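Asks: Submitted below is the structure of interest, expressed as structure tokens.
The values are calculated or read from the model by the stated rules, or taken from the named source; none is laboratory data. From a predicted model like this one, the values you see are computed outputs, not experimental measurements. Quick reminder, even Gly has a Cβ in these numbers, built from the backbone with ideal geometry, and neighbours come from all protein chains shown. What goes into the accessible areas is simple: the full protein's heavy atoms, side chains included, and nothing from ligands, DNA or RNA. Shrake-Rupley method; radii C 1.70, N 1.55, O 1.52, S 1.80 Å.
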Amino acid sequence: RQFQLKLELLEPSIGHLHYGLEKAEIYLEPGDDLRIEFDPTDFVNTLRYQGKGAAANAYLHQAQIAFQEIEEKLKEEVKTSLALPFASFLKSSRETKSTFLKTQLEQGRYSPSFKAYAQANIDYWYAYHLLNYPWEYPLHQNLEGPLNLSPSYYAYLEEIATVSEDALPNTYYTYFLDQFFDYQKEQKENVGLTEFQLAEKYLHGRPLYYYKAKLYTMICRRGKAQQAGAEM
């Protein structure tokens, strides 16, 4: 009932520990030596971390439990709430999560990379769900999407960085970028631009390399690399 896994990491990375239907997000940095224990009959409540890297993963586990009610309410809000109440709910939830993070950071020792990751997890969770709402709400209301919302709804994009190298390991950052480019495709100034052209317009540095690599991967998996050659 034990196993060991050795990984050569060049930079912070994200993984998941799965046991049956349960799973926990794992944050690893080069040099970490992490031991994980749990009772298989009560995975969530008995999950424990020891060793180098334990503090970061303990935070992720505590946050998962602390934010469970928010995540459950989010599932209902996106189905039934109009745009402004939904945005208000997300803003309040973001503040709650940020307060929790600030409190935890004052109590423990975390690396600069993890601090940036944890904040990105909150900020891009918030921005992704706001961007996804115009597409998801209509699905539950038998309406055609996306919703035609006022420009003021998207004002939050002014405070969310599109380019964030510190957020690159973060899943919600990648979700945000996907939704961000879907949104940009609909803007008049971007009509006719390809996904690669949009990426080069709004990204630079490692986020640009990452996103273009993701596009290449998707094209190759779909067997459309030859057709997309000129665009690439």
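Asks: Can you work out ³J(HN,Hα) from phi for every residue in segment 135-146, in order, using Karplus 6.51 cos²θ - 1.76 cosθ + 1.60 and θ = phi - 60°, giving whole Hz and x for Gly and Pro?
Replies: Result, ordered by residue: 9, 7, 3, x, 4, 8, 10, 6, 10, 7, x, x Hz.
Asks: Given charges of +1 on the Cβ of Lys and Arg and -1 on the Cβ of Asp and Glu, with all other atoms neutral, how large is the dipole of segment 24-108 about its Cα centre, in debye to the nearest 20?
Replies: That gives a dipole near 320 debye.
Asks: Additional query: For residue 163, put the label point 7 Å out on the Cα→Cβ axis and report which residues of segment 187-228 keep their amide N under 17 Å from it.
Replies: Under 17 Å, as judged by backbone N against the label point of residue 163, lie 196-213 of segment 187-228.
Asks: Moving on. Normalised by the empirical 2.2 N^0.38 Å for globular proteins, what value does the Cα Rg of segment 1-118 take?
Replies: The value comes to 1.22.
Asks: Another question, if that's okay. Which distance in Å, rounded to a whole number, links the C-alpha centroids of segment 143-204 and segment 93-109?
Replies: Result: 27 Å between the Cα centres.
Asks: Pick from 148, 190, 57: which is most flexible by mean-square fluctuation in a GNM of the chain where alpha carbon atoms under 10 Å apart are linked?
Replies: Greatest mean-square fluctuation among the candidates belongs to 148.
Asks: Over the heavy atoms of residue 204, what accessible area does a 1.4 Å probe trace out, to the nearest 10 Å²?
Replies: Its heavy atoms expose roughly 120 Å² to the probe.
Asks: Report in % the part of the accessible area of the chain that belongs to carbon and sulfur, leaving out ligands and nucleic acids; probe 1.4 Å.
Replies: Carbon plus sulfur share of accessible area: 49 percent.
Asks: Please work out the Cα convex hull volume for the chain and give it in Å³ per residue.
Replies: Normalising the Cα hull of the chain by residue number yields 172 Å³.
Asks: Please name whichever of 154, 181, 168 sits farthest to the positive end of the charge dipole of segment 154-194, dipole taken about the Cα centre and charges placed at Cβ: Lys and Arg +1, Asp and Glu -1.
Replies: Farthest towards the positive pole: 181.
Asks: Please report the relative contact order for segment 114-232, taking Cα pairs under 8 Å with a sequence separation of at least 6, and give it as a percent rounded to a whole number.
Replies: Once normalised by length, the contact order is 26 percent.
Asks: Turning to a different aspect of this structure: Mind checking the full-extension length gain between residue 153 and residue 83? Use 0.36 nm per residue of separation minus the Cα-Cα distance, one decimal, nm.
Replies: 24.4 nm
Asks: May I pose another question? Over all Cα pairs of segment 134-232, how is the pair count split among 5 Å bins, expressed in % and running from 0 up to the last occupied bin?
Replies: 2, 10, 19, 21, 20, 15, 9, 3, 0
Asks: Let me ask something else about it. Using a 1.4 Å probe, what is the accessible area per residue for segment 1-57, in Å²?
Replies: In whole numbers, segment 1-57 has 77 Å² accessible per residue.
Asks: So how strong a dipole does the chain carry about its Cα centre when Lys and Arg Cβ are +1 and Asp and Glu Cβ are -1, to the nearest 20 debye?
Replies: Magnitude of the dipole: close to 340 debye.
Asks: For residue 190 and residue 105 in one chain, what is 0.36 nm times their gap in residues minus the Cα-Cα distance, to one decimal in nm?
Replies: 26.5 nm
Asks: Once you've got the GNM for the chain with C-alpha springs shorter than 10 Å, pick whichever of 189, 165, 77 has the biggest mean-square fluctuation.
Replies: Among 189, 165, 77, the largest GNM mean-square fluctuation belongs to 189.
Asks: Where the only charges are on Cβ atoms (+1 Lys, Arg; -1 Asp, Glu), what is the dipole of segment 136-232 about its Cα centre, to the nearest 20 debye?
Replies: Once rounded to the nearest 20, the dipole reads 480 debye.
Asks: Turning to a different aspect of this structure: Quickly work out the residue 95-to-residue 21 label distance, labels modelled 7 Å from Cα along the C-beta direction, and quote it in nm with one decimal.
Replies: So the two model labels end up 3.6 nm from each other.
Asks: Follow-up. Take every Cα pair under 8 Å in the chain that's 6+ residues apart, average their separations, divide by the length, and report that relative contact order as a whole percent.
Replies: The normalised contact order for the chain reaches 13 percent.
Asks: Beyond 24 Å between alpha-carbons counts as too far, so tell me which of 75/97; 73/97; 185/224; 52/91; 185/214; 185/212 fall in that bin.
Replies: Flagged as over cut-off: 52/91.
Asks: On the principal axes of its Cα set, how long, how wide and how thick is segment 68-140? Give whole Å, largest value first.
Replies: On the principal axes, segment 68-140 reaches 43, 19, 18 Å in Cα extent.
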